[in-house]
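Let me begin by presenting the structure, written as structure tokens, before commenting on it.
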Amino acid sequence: MKPRPGHKKLATITNPNAWDQSHGTYISGRSYIDGVDALAVRMERRWGCGRLRLLVSQELREKFDRQRYRLNMAISNGPLIDVQRESERMVLAWSALDKAATLAGAPWISLHVWEVTLEDGTVAAIVQDTAEAHEVVAEGRAVVVFSLDEIGRILSSYKGTVGIKKRYPGATVERVDKTIGDPLGTIRKATGFDDPIDDLFQPQSLK
């Protein structure tokens, strides 16, 4: 998003009481955030990447997304108490979705299907062979299916990466975690619910 002519970009204002300003508060905050992340991983293994929020009502989905946004705001520049409070509420939000989807009779993803979210938001569903491809459920998500044979052929084309993994056991390939149709993915920085999108970084008052 480019600033309008004649306007200056707002400088980021750092909160001196932000949760990550000291080692002690950082450790405490990370403890709460890691708990939320661990629960999110369990939910995605059970329901699929970005699928659970699509299995509930529009009202509950909106509440869930608003809570994710509040947690993002707290992590972005909030004090420790905000991170702790919003993390606890995020756990409740995940649990509410899990309960609602279960009561609605929505099926978990198959144990024979492994899912991972790609950088562009597409979900890659990995199965042992093409015979298990029918067990993949999309339900509104962009999903591509790969068999283990296909994965093997793809990895054969990345001999440098495979070589590094062989030479340095434990080395990992970094990736960007996103979800399908994530409305927060287009928000560059947490600000406020009522801030107009076009004016987030170029207020009329600054010239």
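FYI, it's all coordinate maths here, none of it is from the lab. Please read all numbers here as calculations on a predicted model, not as lab measurements. Because the Cβ atoms are built from the backbone with ideal geometry, glycine has one as well, and the counts that use them run over all protein chains shown.
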Listed with the fewest Cβ neighbours within 10 Å leading, SER28, SER22 appear as SER22, SER28
With label points set 7 Å from each Cα along the Cα-to-Cβ direction at ASP149 and ARG42, the distance between them in nm comes to 3.8
Computed about the Cα centre, the charge dipole of region 38-85 from +1 Lys/Arg and -1 Asp/Glu charges at the Cβ has a magnitude in debye, to the nearest 20, of 180
Projected convex hull area of region 1-149, Cα atoms, direction-averaged, in nm², equals 12.4
In region 35-181 the DSSP beta bridges are antiparallel at a rate, in percent to nearest 5, of 45
Once ASN17 and SER31 are pulled to full extension, the length gained, defined as 0.36 nm per residue separation minus their Cα-Cα distance, is 3.2 nm
